[in-house]
Amino acid sequence: MNNKQLFGIAENWFQSQNWKHFPFQKETWTAFLQGKNGLLNAPTGSGKTYALWFSIVLNYIKQNPDYKTKHKPGLKAIWITPLRALSIEIKQASERVVADLEAQMTVGIRTGDTSTSERTKQKTKMPDLLISTPESLQLLLASKEYAKTFANCSAIVIDEWHELLGTKRGVQMELALSRLKVVAPQMRIWGISATIGNLELAQEVLLGYESDAFKNSVLVKANINKKITVKSIIPEKMETFPWRGHMGLHLVDEVAKIIRKSKTTLIFTNTRSQCELWFQSLLEKYPEFAGEMAMHHGSIAKETRVWVENAIKNEELKAVVCTSSLDLGVDFAPVETIVQVGGPKGVARFLQRAGRSGHQPGKESVIYFLATHAMELIEASALKKAVAETIVEDRIPYLNSYDVLIQYLNTLAVSDGFFPDVIYNEVIKTFCYQNLTIENWNWILNFIVSGSQSLQAYDEFKKVEINENGLYKINSRMVAMHHRMQVGTIVSDATLNVKFLSGGYIGSIEEWFISKLTRGDTFTFGGKKLEFYAIKNMNVLVKKADAKKVSKTVSWMGGRMTLSAQMSELLREELYNANNENLTPELKALKPIFDRQRKESIVPNTNEFLIETFKTREGFHAIFYPFEGRFVHEALASILSYRISLLSPISFSLAYNDYGFELLSDQEIDMQAVFDNNFFSTEFVHQDLQKSLNATEMARRKFRDIAIIAGLVFTGMPGKPIKTKHLQSGSQLLFEVFRDYEPDNLLLQQAYIETFEHQLEEGRLIQSLERINNQEIVWKPCERPTPFSFPIITDRLREKLTSETLAERIKKMTASYMK
């Protein structure tokens with residue numbers, strides 16, 4: 001069968017569905033049938049699944065002309081999805097095509113949710129298309145004779161590649177692909193990605209650094225101009241002194257109006273605790289939404305989440321309050337409107353969320369931006385421009401993740417074993433390990449065999465044995481079992497299951513939150529008011545609480561996101577526009593704030609870096625405004641306070657948000673000395689960061705995750721996880737051993753590199769200091785706090801006060817500053 005006949009089969013199917021195929025779909029089929037690899041860039045809801053699934057089916061038909069009568073068994077293609085929730089939808093779409101074309105191909109799923117009996121069945125007879133996750137693919141590589149399983153596989157598709165890129169799960173995929181290229185020489189590798197700033201690099205990371213697969217590849221762009229309408233919810237009255245949280249819940253009535261007007265609305269919040277809060281507030285004010293509104297986040301029981309997803313599809317819900325748990329994939333045709341609560345902190349995330357509405361080709365996406373404090377309206381204005389011009393962030397891939405490489409080598413050693421020279425030549429063709437030296441490779445081999453030089457006396461770290469042929473193999477069944485249980489790179493804090501005393505599972509909560517509760521305390525979780533009873537066998541036992549009782553809302557560690565570099569730049573540009581005459585509706589709404597800001601200080605221009613100082617009863621405040629995101633500000637505040645303290649002994653309390661940071665002290669800062677000594681210099685940034693922040697403590701926390709991924713620490717048997725504090729103390733002990741006796745240990749070095757590059761964003765920090773050095777520093781001694789400084793000051797109070805007393809305190813502060 002020639003390509004024209006094959007395309008005819010696909011085109012007829014599209015016509016039978018009353019659809020029309022897009023040019024990018026045909027372009028993908030053509031490239032695939034020519035034996036090319038590639039990256040498909042297409043927006044959510046544009047039919048990208050059919051672009052690649054049809055490629056696989058048409059290729060099978062081409063090789064088996066009597067496909068309707070004779071089925072050729074064996075694995076033909078693997079579809080990797082980062083979310084297990086998406087696998088059912090992909091399976092349904094695939095089976096629909098196969099059934100209509102009478103292709104007799106089978107579709108199976110293998111994820112963490114797959115039953116043991118189904119897995120056993122797959123061992124003897126693999127489906128034609130296997131839908132899986134990065135972790136489950138690694139487990140297949142950990143099975144005996146895996147090479148036979150993949151030998152005739154013609155394709156692997158990595159869905160949502162932009163989500164995996166820049167994470168260790170992406171590195172996991174790079175390693176798996178490096179092996180599959182060898183055991184399945186016919187395999188074409190394809191990725192599907194939403195728009196990101198560095199698509200060409202994403203393609204290279206997927207296919208391998210300067211590899212043959214990359215040289216024989218294409219980048220297919222859908223070029224579908226999806227219409228996205230961004231609407232800002234602007235309050236009628238604008239507070240002169242903004243603070244985080246003051247506006248959000250005041251706009252509940254506006255959100256209720258949007259819900260009523262739409263078939264289905266998704267309300268996205270940035271954190272799980274914010275999600276709980278909004279769900280509760282909407283229900284309390286509008287009890288009629290009960291039964292028509294649900295909540296969805298990663299800590300709610302899986303059964304509940306699946307029920308919510310199906311209810312959205314079946315048009316049974318008017319609204320769902322959710323987090324990034326609904327950012328990806330699942331096709332919700334009935335969703336007409338999105339509400340984004342608070343700044344999404346990145347353009348890509350905002351576009352992804354907007355695309356959840358009108359999730360079909362040609363449909364318009366509508367997203368409302370609800371600012372949680374006035375300053376976020378600047379973000380709203382900036383996002384409108386970013387959406388219009390499709391300005392999206394880059395995803396930065398990992399380099400030299402030794403922990404993931406160690407886990408991968410143990411995976412190969414668990415299955416059929418490996419020869420180091422063969423695997424080294426495969427690994428250095430990946431993007432992540434392109435610069436892996438032979439010295440570091442030998443260190444890693446020694447580590448998995450002997451447990452590195454400082455652990456050689458302990459047998460538990462000697463996992464791999466070398467046989468007389470030089471084959472590296474794990475022979476211990478116990479070591480192999482522990483390894484299989486721990487395959488993966490997602491490391492989270494230990495969570496405890498929340499259950500009713502009478503039975504019934506609600507979801508999971510992090511251990512640190514529960515550790516603060518005593519019997520009888522009330523907290524809100526999963527939309528229910530619960531009373532804490534006891535902890536038993538890693539389960540939190542609760543009962544229904546009195547509705548009138550005051551309750552805490554569950555919070556999770558790491559809930560706060562930071563502005564992306566792209567978003568920071570857009571925000572600064574938009575703020576500088578506030579000094580022009582052509583203002584956007586959002587900037588016009590902020591006029592009272594800008595007027596007051598100009599009265600007390602200035603609204604900076606492009607070439608100005610603003611510093612404000614003033615005195616209150618709390619002490620002497622110095623506020624700096626780089627507009628660079630909270631992580632960079634945390635590092636900047638630490639460096640600056642450290643450098644100032646070198647001049648004279650002075651102690652500071654630090655506060656920061658996405659717009660700026662504060663140094664608060666009981667003595668006045670000599671600002672002239674700050675300028676004269678060039679304290680914004682980029683010299684010695686790394687050394688000053690190490691001294692000013694507790695970099696060792698941060699690296700120690702990072703090392704816990706690295707130790708778990710590398711298999712140095714065992715996280716426990718199913719249903720009997722080891723407590724976080726025990727994991728922490730185990731990994732801390734190893735950290736100290738390496739630090740004191742083996743400072744060149746690659747895992748120890750990795751912990752420090754990840755702390756500086758990923759957590760403290762050292763590269764971005766240096767760039768922002770360079771920018772400040774090119775700006776004119778404007779120092780404004782003020783009489784009182786300014787509208788720009790107010791959110792930073794009040795954020796510091798938030799740590800000490802309950803929400804009721806905080807609101808009261810802010811009311812008094814505002815009244816005194818307005819005098």
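Considered as a group, the residues in the stretch 85-120 that are of a type in the set (Gly, Ala, Ser) and out of contact with any helix residue (DSSP H, G or I) (no Cβ under 9 Å at 6 or more places or on another chain) include one that is surrounded by the most Cβ atoms within 10 Å (Cβ to Cβ), and that residue is SER87. Taking the stated definitions as given, is LYS123 closer than 17 Å to ILE192 by Cα and either open to solvent by 10 Å² or more (accessible area, probe 1.4 Å) or basic (Lys, Arg) (or both)? Spelling it out, it is not the case that LYS123 is closer than 17 Å to ILE192 by Cα and either open to solvent by 10 Å² or more (accessible area, probe 1.4 Å) or basic (Lys, Arg) (or both).
The single residue among ILE391, ILE406, ILE396 that is open to solvent by less than 10 Å² (accessible area, probe 1.4 Å) and not basic (Lys, Arg) turns out to be ILE406. Of the residues that make up the stretch 488-499, is at least one assigned to a helix (DSSP H, G or I), in contact (Cβ under 8 Å) with a residue 60 or more places away in the chain and either of a type outside the set (Asp, Glu) or touching a strand residue (DSSP E or B) at 6+ places or on another chain (Cβ under 6 Å) (or both)? Taking every residue of the stretch 488-499 in turn, none turns out to be assigned to a helix (DSSP H, G or I), in contact (Cβ under 8 Å) with a residue 60 or more places away in the chain and either of a type outside the set (Asp, Glu) or touching a strand residue (DSSP E or B) at 6+ places or on another chain (Cβ under 6 Å) (or both).
Restricting GLU210, GLU236, GLU200 to those that are open to solvent by 30 Å² or more (accessible area, probe 1.4 Å) and on the phi > 0 side of the Ramachandran plot reduces the list to GLU210.
Kindly indicate whether ASN400 is within 25 Å of the chain's Cα centre (by Cα), closer than 26 Å to THR167 by Cβ and among the polar types (S, T, N, Q).
The answer is yes for ASN400.
Of the helices (runs of 4 or more DSSP H) contained entirely in the stretch 32-139, those carrying at least 2 residues that are touching a residue at least 24 places away in the same chain (Cβ under 8 Å) fall at 48-63, 84-101. In the stretch 242-257, the residues that are open to solvent by less than 10 Å² (accessible area, probe 1.4 Å) and at pLDDT 75 or above form Cβ pairs under 8 Å with partners that are of a type in the set (Gly, Ala, Ser) and assigned to a helix (DSSP H, G or I), at six or more places apart or across chains, as follows: VAL252/SER281. Residues considered: ALA301, ALA290, ALA294. Of these, the only one that is modelled with pLDDT of 90 or more, farther than 24 Å from GLU364 by Cβ, out of contact with any His (no Cβ under 7 Å at 6 or more places or on another chain) and surrounded by fewer than 20 Cβ atoms within 10 Å (Cβ to Cβ) is ALA290.
Every test in (1) open to solvent by 10 Å² or more (accessible area, probe 1.4 Å); (2) among the small types (Gly, Ala, Ser); (3) within 30 Å of VAL347 (Cα to Cα) is passed by GLY417 save one, and that test is (3).
Would the stretch 36-59 turn up any residue that is among the aromatic types (Phe, Trp, Tyr) and surrounded by fewer than 22 Cβ atoms within 10 Å (Cβ to Cβ)? Looking through the stretch 36-59, none of the residues is among the aromatic types (Phe, Trp, Tyr) and surrounded by fewer than 22 Cβ atoms within 10 Å (Cβ to Cβ). Residue pairs whose Cβ atoms lie under 7 Å apart, separated by 6 or more positions or on different chains, with the first residue in the stretch 523-537 and over 17 Å from LYS548 (Cα atoms) and in contact (Cβ under 8 Å) with a residue 24 or more places away in the chain and the second open to solvent by less than 20 Å² (accessible area, probe 1.4 Å) and of a type in the set (Val, Ile, Thr), are GLY526/ILE300; GLY526/ILE506; TYR533/VAL542; ILE535/ILE514.
For (1) under 30 Å from LEU141 (Cβ atoms); (2) part of a loop (DSSP other than H, G, I, E, B), each residue gets a yes or a no:
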{"position": "VAL339", "(1), (2)": "no, no"}
{"position": "TYR408", "(1), (2)": "yes, no"}
{"position": "THR411", "(1), (2)": "yes, no"}
{"position": "THR430", "(1), (2)": "yes, yes"}
{"position": "PHE447", "(1), (2)": "yes, no"}
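Pull up the stretch 434-478, narrow it to residues that are among the hydrophobic types (A, V, I, L, M, F, W, C) and free of Cβ contacts under 8 Å to residues at least 24 places away in the same chain, then point me to the one that is least open to solvent (accessible area, probe 1.4 Å). Once the filter is applied, the top-ranked residue is TRP441.
Against the numbered list (1) more than 21 Å from LYS429 (Cβ to Cβ); (2) open to solvent by 10 Å² or more (accessible area, probe 1.4 Å), ALA142 comes up short only at (2).
When SER641 is tested against (1) open to solvent by less than 10 Å² (accessible area, probe 1.4 Å); (2) in contact (Cβ under 8 Å) with a residue 40 or more places away in the chain; (3) within 23 Å of GLU761 (Cβ to Cβ); (4) of a type in the set (Gly, Ala, Ser), only condition (1) is not met.
Table: residues versus (1) surrounded by 22 or more Cβ atoms within 10 Å (Cβ to Cβ); (2) not hydrophobic (A, V, I, L, M, F, W, C).
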site	(1), (2)
PHE609	no, no
GLU612	yes, yes
PRO626	yes, yes
SER651	no, yes
GLY660	yes, yes
GLN667	no, yes
ALA673	no, no
PHE679	no, no
LYS691	no, yes
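Among the residues of the stretch 258-287, those that are of a type in the set (D, E, K, R), open to solvent by 30 Å² or more (accessible area, probe 1.4 Å) and in a helix (DSSP H, G or I) comprise ARG260, LYS261, ARG272, GLU284, LYS285.
Please verify whether GLU174 is of a type outside the set (Gly, Ala, Ser), buried (at least 18 other Cβ atoms within 10 Å of the Cβ) and modelled with pLDDT under 90, treating the condition exactly as stated.
In short, no.
Residue check: is GLU634 closer than 22 Å to PHE756 by Cα and either out of contact with any helix residue (DSSP H, G or I) (no Cβ under 7 Å at 6 or more places or on another chain) or modelled with pLDDT of 90 or more (or both)? Spelling it out, GLU634 is indeed closer than 22 Å to PHE756 by Cα and either out of contact with any helix residue (DSSP H, G or I) (no Cβ under 7 Å at 6 or more places or on another chain) or modelled with pLDDT of 90 or more (or both). Checking every residue in the stretch 773-783 against the condition of being surrounded by fewer than 17 Cβ atoms within 10 Å (Cβ to Cβ) and in a helix (DSSP H, G or I) gives at least one match. A count restricted to the stretch 177-196 and to residues that are β-branched (Val, Ile, Thr), over 22 Å from the mean Cα position of the chain (by Cα) and surrounded by fewer than 21 Cβ atoms within 10 Å (Cβ to Cβ) stands at 2.
Of all positions in the stretch 323-333, at least one carries a residue that is modelled with pLDDT of 85 or more and either outside any loop (DSSP other than H, G, I, E, B) or open to solvent by less than 20 Å² (accessible area, probe 1.4 Å) (or both). Candidates in the stretch 738-786 are the residues that are farther than 14 Å from ALA699 by Cα and hydrophobic (A, V, I, L, M, F, W, C); of these, the one that is farthest from the chain's Cα centre (by Cα) is CYS782.
The residue that is nearest to LEU351 (Cα to Cα), among those in the stretch 14-30 that are open to solvent by less than 10 Å² (accessible area, probe 1.4 Å) and either of a type outside the set (S, T, N, Q) or more than 34 Å from the chain's Cα centre (by Cα) (or both), is PHE24.
The values are calculated or read from the model by the stated rules, or taken from the named source; none is laboratory data. Treat the numbers as computed from the prediction; the structure is a model and nothing was measured. So basically every Cβ, Gly included, is an ideal-geometry build from the backbone, and we count neighbours across all protein chains shown. Ligands, DNA and RNA are excluded from the accessible area calculation, which covers all protein heavy atoms including side chains. Shrake-Rupley method; radii C 1.70, N 1.55, O 1.52, S 1.80 Å.
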